[in-house]
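J.: Okay, handing you the structure first.
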There are 2 protein chains.
Amino acid sequence: MSNSNPYAPNPSDFISNVPRFEIIDSTLREGEQFANAFFTLENKLKIARALDDFGVDYIELTSPVASDQAREEVEAICKLGLKNSKILTHIRCHMHDAKIAVETGVDGVNVFIGTSNFLRTHSHGKDMSFITKSAIEVIQFVKSKGLEIRFSTEDSFRSDIVDLLNIYTTVDKIGVNRIGIADTVGGANPRQVYDLIRTIKSSVKCEIETHFHNDTGCAIANAYTALEAGAKFIDTCVLGIGERNGIVPLGGFMARMVVSAPEYVKSKYKLHQIRDLENLIADIVQVNIPFNNPITGFCAFTHKAGIHAKAILANPSTYEILNPQDFGLTRYIHFANRLTGWNAIKARVEQLNLDLTDDQIKIVTNQIKQMGDIRPLGIEDVDSIIKDYHAKTTETVDTTDSNRAAKRQRTD
Amino acid sequence: MSNSNPYAPNPSDFISNVPRFEIIDSTLREGEQFANAFFTLENKLKIARALDDFGVDYIELTSPVASDQAREEVEAICKLGLKNSKILTHIRCHMHDAKIAVETGVDGVNVFIGTSNFLRTHSHGKDMSFITKSAIEVIQFVKSKGLEIRFSTEDSFRSDIVDLLNIYTTVDKIGVNRIGIADTVGGANPRQVYDLIRTIKSSVKCEIETHFHNDTGCAIANAYTALEAGAKFIDTCVLGIGERNGIVPLGGFMARMVVSAPEYVKSKYKLHQIRDLENLIADIVQVNIPFNNPITGFCAFTHKAGIHAKAILANPSTYEILNPQDFGLTRYIHFANRLTGWNAIKARVEQLNLDLTDDQIKIVTNQIKQMGDIRPLGIEDVDSIIKDYHAKTTETVDTTDSNRAAKRQRTD
């Protein structure tokens, strides 16, 4: 969209990280909190390798403190020697957790604590000065071990803006690599995201990571808008799996970003692997790919209405912002229905290698639409209507063919 | 979110239609363009009644010009005498189509034409002066019949802004009820939506309707942002079904709006019916409800991580922006997994009506987490671990119970 956007360039475009974002995939942390997720070590290793091969910049893992097995898994994934992805683990803002985390072999640590009134009252019960003190201690410790560190506030969009700015500027000064802004309950909307991220961006030197839940269906758009406001790192999960209905889905986010930063996205991430990656996770957590999933939903590149099919046949960009070939997929013109048009049927006649004039195709299209009024049509139904009609015309056309042959002989 | 939004009020809030939007449901038009859709008359009547009962403001139907059956269906739905929903039909900007549409009994007509270079070149081949002339003729005709009329440009976000403003101000002057802004290819993003809608809103007196496709996962957020910019009417489909991967889903949009305008949404729409409405459509078009669907996805109100479960048990608002009761649903604390915490297990112990101290519950929680490291756990597994542990404690506690009974006798 960037090329055709009549509103660009614009002064605010210069703070945008849309053409240089990075992905922190959390399928092996947030995704493990999905109701159906139970990842064996073998599957965790398989998922980590697939994410690395796709090209995500970071892979975030469940805290090694969660259980004995969790710790062994973090260590095993760190030993894989991945090519593209750095390894993070996600821990509470406690020295106890930090001490265990830095021994596992990870490249960095993502610490979090709730700063909203809701969480301060009902979850950990700590006040802001305690939170700040813990944050400084943990950050200095992790940095002393030579690891990357992110400090994140849970439920940032229901936290007091003064509290947020205080703690973020504090951790920024002591050298945190990234701060994290999280919409833990999935209630934020894009303009609110833009305002908050842009305000924080103007107050800190470090980079900004974001984590958007999808309860109100805005996760992808919020992530995109956060990049426009100057955030750089987006948390994703394959198929968006996570607590409740999950977070920003990796595939859907790629659909958004390939439209907005096509060269960057296509050169950096192996988009052809999205389908396999989604199928891998869907099998492991036993869900179906949603019918309306961006890119890989079964009908994402299916065109049905006659008016759409006509234009798509002339130029696919008319009704497609995504090119299915970028994802190793193909488009499909759905011609077997009562909304079909004669351009779609003409394309099918040509695929069947039959010879009909435009007027004849319009007649057979009407026959198909009439049948489509009565019952659902399969491709075979349409093909047999076309072939029957073609057979009838060729009976009478035989003479025409002879005429043509005769004419050709005369002019040759 | 409006109540807790620290950025409100703000001068731009006064152009917002967030607390007074209306729904134009297009399941029976856009939805009919979904790859799997074949609606019999009987099913169309059932869907129209269900949408009316839910409370959508308008129902949009496939053009009566599409086929003979389509015309009969429009007439049949108009005769239903719906209580809440006005009936529209969606036609090309042609006098031929308009003359047929106004005879069907509809309350209004939604006309559309493509104004982007892509569509002008590859679809209808008409220039802007021809488009303007057709628009005026059709609008005046429909108004002369006493019906509502909307004029819409397809692919508005790839159209020239000067062309758009010219045609919208023209049709506004001749008295169109609504203009429609359509992201036909699903490539728009929220801030672009805000800019375009707000610019157009400041140039016309009529209302603005929007139509957002979901190819890049931003449809709900774009619709919400359009309302903030002054649009009032949002096109939806049940489950978002439509061309390719569809448009704004009615249920997901309700999740967004109930957070932003709770009183308005709860008093106007029967949110308890979303599940039945979605099941009705899913059955007819033979798809599954997506696992991650807002509100009705199987895990939309399931909480799994120990830290979430603890806080949710103390106050559901900590990790929920939506209240499941608003939709006739219930929340579920997922305690049968290795990420569980002792607060979640304590809640289960209480549900089982067993008597364990906090220290005992912490011990049994560790046993559960160890088992969860080894294999997926069912609720029965956890219950049997708890009951086994409880049985062992009661063997030794028998004496305690006797002591208690003795003590009680003494104090009674």
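J.: Mind checking A:220-231 for the average number of partner chain beta-carbons within 10 Å of each residue's beta-carbon? Walk me through the numbers on the way to the answer.
T.: Details: counts 8, 14, 3, 2, 7, 6, 0, 0, 4, 1, 0, 0.
Mean inter-chain Cβ contacts per residue within 10 Å come to 4.
J.: Please list 3J(HN,Hα) in residue order for segment B:232-241, calculated via the Karplus relation 6.51 cos²θ - 1.76 cosθ + 1.60 where θ = phi - 60°; whole Hz, with x for glycine and proline.
T.: These are the phi-based 3J(HN,Hα) values: 10, 10, 10, 7, 10, 9, 4, 6, x, 4 Hz.
J.: A further question follows. From the gyration tensor of the Cα coordinates in segment A:229-297, what semi-axes in whole Å does the equivalent ellipsoid have, largest first, with each one equal to sqrt(5λ)?
T.: Values: eigenvalues 90, 44, 20 Å².
For segment A:229-297, the semi-axes come out at 21, 15, 10 Å.
J.: Going by amide H atoms built from the backbone, whose H comes under 5 Å of the H on B:S152, apart from near neighbours?
T.: It is B:V111, B:F112, B:I113, B:G180, by chain and number.
J.: Compute a Gaussian network model of chain B, connecting alpha carbons closer than 10 Å, and tell me which residue from B:V382, B:V238, B:V171 fluctuates the most.
T.: Of B:V382, B:V238, B:V171, the Gaussian network model singles out B:V382 as fluctuating most.
J.: The protein assembly as shown: Rg/Rh from Cα coordinates, Kirkwood Rh? It would help to have the intermediate numbers written out before the result.
T.: Details: Rg = 29.3 Å, Rh = 28.6 Å.
Across the protein assembly as shown, the Cα-based Rg/Rh ratio is 1.03.
J.: Would any residue of segment B:315-331 have its amide N under 20 Å from a label point 7 Å out along Cα→Cβ of A:R92? List them or say none.
T.: Residues passing the 20 Å test: B:315-320.
J.: Okay, moving on. How big is the charge dipole of segment B:13-285 about its Cα centre, in debye rounded to the nearest 20, if each Lys and Arg gets +1 on its Cβ and each Asp and Glu gets -1 on its Cβ?
T.: Value, rounded to 20: 540 debye.
J.: When only Cα pairs under 8 Å and 6 or more residues apart are kept, what is the percent relative contact order across segment B:302-398? Intermediate results must be reported in sequence, preceding the final value.
T.: On the way: 96 pairs, mean separation 26.4, N = 97.
Relative contact order of segment B:302-398: 27 percent.
J.: Something else now. Give, in nm to one decimal, the length gained when the segment between B:I174 and B:Q351 is fully stretched (0.36 nm per residue of separation minus the Cα-Cα distance).
T.: Working: separation 177, 0.36 × 177 = 63.72 nm, distance 6.62 nm.
That works out to 57.1 nm of additional length.
J.: How would you classify chain B from its alpha-carbon gyration tensor, with a ≥ b ≥ c the square roots of the eigenvalues: rounded for a/c under 1.5, else prolate if a/b is greater than b/c, otherwise oblate? Provide the component values of the computation, followed by the final result.
T.: Values: a/c = 2.98, a/b = 2.49, b/c = 1.20.
Verdict is prolate for chain B.
J.: I would also like to ask the following. Cut-off 13 Å, label point 7 angstrom out along Cα-to-Cβ of A:S12: give me the residues of segment B:193-224 whose amide nitrogen falls inside.
T.: Backbone N within reach: B:193-199.
J.: Another one. With contacts defined as alpha carbon pairs under 8 Å and 6 or more residues apart, what's the relative contact order of chain B in percent?
T.: Details: 704 pairs, mean separation 57.5, N = 412.
Dividing the mean separation by the residue count of chain B yields 14 percent.
J.: At a Förster radius of 41 Å, what calculated FRET efficiency corresponds to the Cβ-Cβ distance of A:Q286 and A:K362, to the nearest 0.05? If you can, show how the numbers build up before the last one.
T.: Numbers: r = 48 Å, r/R0 = 1.18.
It comes to 0.25.
J.: Separation between the A:K387 and B:N84 pseudo-spin-labels, each 7 Å from Cα along Cα→Cβ, expressed in nm?
T.: 4.9
J.: Compute the helix-to-body angle for B:342-351: its Cα long axis versus the longest principal axis of chain B, expressed 0 to 90° and rounded to tens.
T.: 80
J.: Which of these, A:I174, A:I295, A:I247, has the largest mean-square fluctuation under a Gaussian network model of chain A (Cα springs below 10 Å)?
T.: Of the options given, A:I174 has the highest mean-square fluctuation.
J.: To continue, here is another question. What angle do you read, to the nearest 10 degrees and between 0 and 90, between the alpha-carbon axis of helix B:190-201 and the longest principal axis of chain B?
T.: Once rounded, the angle reads 40 degrees.
J.: Please compute, over every Cα-Cα pair in segment A:280-360, the percentage with a separation greater than 19 angstrom. Write down the numbers at each step before the final one.
T.: On the way: 1533 of 3240 pairs.
Cα-Cα pairs of segment A:280-360 separated by over 19 Å account for 47 percent.
J.: On a 1.4 Å probe surface of the protein chains, which of B:E148, A:E42 comes out largest in accessible area, and what is the full order? Don't skip to the end; give the middle numbers.
T.: Details: B:E148 35, A:E42 130 Å².
Accessible-area ranking of B:E148, A:E42, largest first: A:E42, B:E148.
J.: Magnitude of the Cβ-charge dipole of segment B:188-244, K/R +1 and D/E -1, about the Cα centre, nearest 20 debye?
T.: Numbers: 6 positive and 7 negative charges, 41 e Å.
In debye, rounded to 20, segment B:188-244 gives about 200.
J.: Can you compute the charge dipole magnitude of the protein assembly as shown about its Cα centre, using +1 on each Lys and Arg Cβ and -1 on each Asp and Glu Cβ, nothing else charged? Give it in debye, rounded to the nearest 20.
T.: Working: 92 positive and 104 negative charges, 204 e Å.
Dipole about the Cα centre, nearest 20: 980 debye.
J.: What do you get for trypsin sites (Lys or Arg not before Pro) in segment A:1-102 restricted to DSSP loop and a cutoff of at most 14 other Cβ within 10 Å of the site's Cβ? Don't jump to the answer; show the numbers that get you there.
T.: Working: sites: A:R20, A:R29, A:K44, A:K46, A:R49, A:R71, A:K79, A:K83, A:K86, A:R92, A:K99; in loops: A:R29, A:K79, A:K83.
Of the trypsin sites (Lys or Arg not before Pro), the ones in loops of segment A:1-102 whose Cβ has at most 14 other Cβ atoms within 10 Å are A:K79, A:K83.
J.: Using only Cα atoms, tell me the angle between helix A:41-54 and the longest principal axis of chain A; keep it within 0 to 90° and round to the nearest 10.
T.: 70
J.: What is the distance in Å between the Cα centres of segment B:297-356 and segment B:253-291?
T.: Answer, in whole Å: 23.
J.: A follow-up question, please. Going down the table (A:K46/A:K79; B:K46/B:K143; A:K86/A:K201; A:K44/A:K270; A:K79/A:K133), which pairs top 22 Å between alpha carbons? Spell out each step's value before the answer.
T.: On the way: A:K46/A:K79 13 Å; B:K46/B:K143 30 Å; A:K86/A:K201 24 Å; A:K44/A:K270 20 Å; A:K79/A:K133 33 Å.
Exceeds cut-off: B:K46/B:K143; A:K86/A:K201; A:K79/A:K133.
J.: Another question, if that's okay. Determine the calculated [θ] at 222 nm for the protein assembly as shown from helices alone, applying -39500 (n - 2.57) to every DSSP H run no shorter than 4 residues and normalising by the residue count; nearest 500 deg cm²/dmol.
T.: Working: 30 runs with 378 residues, N = 824.
Only helices count here, giving -14500 deg cm²/dmol.
J.: Hey, another quick one. In a GNM of chain B with a 10 Å cut-off on Cα contacts, which of B:S26, B:S260, B:S384 has the highest mean-square fluctuation?
T.: Largest GNM mean-square fluctuation: B:S384.
J.: I'd like to know which of B:N279, B:Y319, A:I149 lies farthest towards the positive end of the charge dipole of the protein assembly as shown, counting +1 on Cβ of Lys and Arg and -1 on Cβ of Asp and Glu.
T.: So the residue we want is A:I149.
The values are calculated or read from the model by the stated rules, or taken from the named source; none is laboratory data. Computed from a predicted structure; not experimentally measured. Quick reminder, even Gly has a Cβ in these numbers, built from the backbone with ideal geometry, and neighbours come from all protein chains shown. What goes into the accessible areas is simple: the full protein's heavy atoms, side chains included, and nothing from ligands, DNA or RNA. Shrake-Rupley method; radii C 1.70, N 1.55, O 1.52, S 1.80 Å.
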